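Each remark here refers to the structure printed beneath this line.
The values are calculated or read from the model by the stated rules, or taken from the named source; none is laboratory data. Keep in mind that this is a model prediction, so the values were computed, not measured. Here Cβ is always computed from backbone atoms with ideal geometry, including for glycine, and neighbour counts include all displayed protein chains.
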Amino acid sequence: MINLFNKQELLNGINYLSSNYPIMQKLYRQYGTPNLDRGSKDIFLSLIRSIISQQISTQAALSVHKKFQNLFSENIITPDAILSENEVNLKSAGLSKQKIEYIRSTSQFFIETKYTNEDLSSMNDSDLKKQLISIKGVGPWTIDMILIFSLGRPDIFPVGDLAIRKGFNILYGKEHTEKQMINESKNWKPYRTIFSWYLWRVIDGTWESL
């Protein structure tokens, strides 16, 4: 299974896209090599952090996560530890009632399925999505972020991400529907993750249109 955390695999993907999709050459010259290896490789912890971060600023999310982590012995967060923690303490960390429900649902999923990180990491994209989408509070965007930043999967196009949509429209100079974006993204297979990273970059205002 291709993993973009492997530098050679990442360069292979860039070379493939550059050879088959001319605009990629300019993206690479302007923004360099993607940095994808920046998420926790533990899927459970990535899900918990993602739920905490929902609908709040990055700074607020960091603060809540730190308080949440401090609730547990030696800052070790496990499904059993979360389910054993009382709601008052969880709320004191800054978690809403809904987020507490989502975090507990995630913990229950791991306890009931007995999945290890290795079990989930070895699944293909489709099978992993089917498993994780069953968790209350976990949606397609969260799963796409885990596939990209926790697992380094090469062919993910998070079309539901607002920054991706904005970057796409800037790159192509006009508004596109979700269906049009998905159709265009087929040209980037099997390395849509790499192209998606560049779409995130073009929204910084430095992109010079063709």
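Observations on the structure shown:
- Summed over segment 21-38, residues that are in a loop (DSSP other than H, G, I, E, B) and either farther than 13 Å from Ile148 by Cα or small (Gly, Ala, Ser) (or both) total 4.
- In segment 167-188, residue nearest to the chain's Cα centre (by Cα) [restricted to those that are in a loop (DSSP other than H, G, I, E, B) and loosely packed, with under 14 Cβ neighbours inside 10 Å]: Thr177
- Considering only residues in segment 100-129 that are among the hydrophobic types (A, V, I, L, M, F, W, C) and in a helix (DSSP H, G or I), the one that is surrounded by the most Cβ atoms within 10 Å (Cβ to Cβ) turns out to be Ile103.
- Some residue of segment 85-100 being at pLDDT 95 or above, farther than 28 Å from Ile156 by Cα and in contact with an Asp or Glu (Cβ under 7 Å, 6 or more places away or on another chain): yes
- Residue, surrounded by the fewest Cβ atoms within 10 Å (Cβ to Cβ), within segment 85-94, restricted to residues that are within 16 Å of Ser107 (Cβ to Cβ) and not charged (D, E, K, R): Asn86
- Residue list for segment 130-163, restricted to those being outside any loop (DSSP other than H, G, I, E, B) and either surrounded by fewer than 17 Cβ atoms within 10 Å (Cβ to Cβ) or among the polar types (S, T, N, Q) (or both): Lys130, Gln131, Pro140, Trp141, Thr142, Ser150, Leu162, Ala163
- Test: residue in segment 74-84 that is exposed (fewer than 15 other Cβ atoms within 10 Å of the Cβ), outside any helix (DSSP H, G or I) and among the small types (Gly, Ala, Ser): no
- Top-ranked residue of segment 1-20 - restricted to ones that are in contact with a helix residue (DSSP H, G or I) (Cβ under 7 Å, 6 or more places away or on another chain) and in a loop (DSSP other than H, G, I, E, B), ranked as modelled with the highest pLDDT: Leu4
- Residues (in contact with a helix residue (DSSP H, G or I) (Cβ under 9 Å, 6 or more places away or on another chain) and at negative phi) located in segment 86-104: Glu87, Leu90, Lys91, Ser92, Ala93, Leu95, Lys97, Lys99, Ile100, Tyr102, Ile103, Arg104
Per-residue answers, yes or no, for (1) polar (S, T, N, Q); (2) farther than 26 Å from Trp141 by Cα:
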site	(1), (2)
Ile14	no, no
Leu17	no, no
Lys26	no, yes
Leu36	no, no
Ser40	yes, no
Leu45	no, no
Thr58	yes, no
Gln69	yes, no
Asn89	yes, yes
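- Segment 1-52, residues that are assigned by TED's automatic domain parsing to the domain that holds Gln69, free of Cβ contacts under 8 Å to residues at least 60 places away in the same chain and touching a Lys or Arg at 6+ places or on another chain (Cβ under 9 Å): Ile52
- Scanning segment 46-73 for residues that are of a type in the set (A, V, I, L, M, F, W, C), over 12 Å from Leu95 (Cα atoms) and crowded, with 18+ Cβ neighbours inside 10 Å yields one hit, Leu47.
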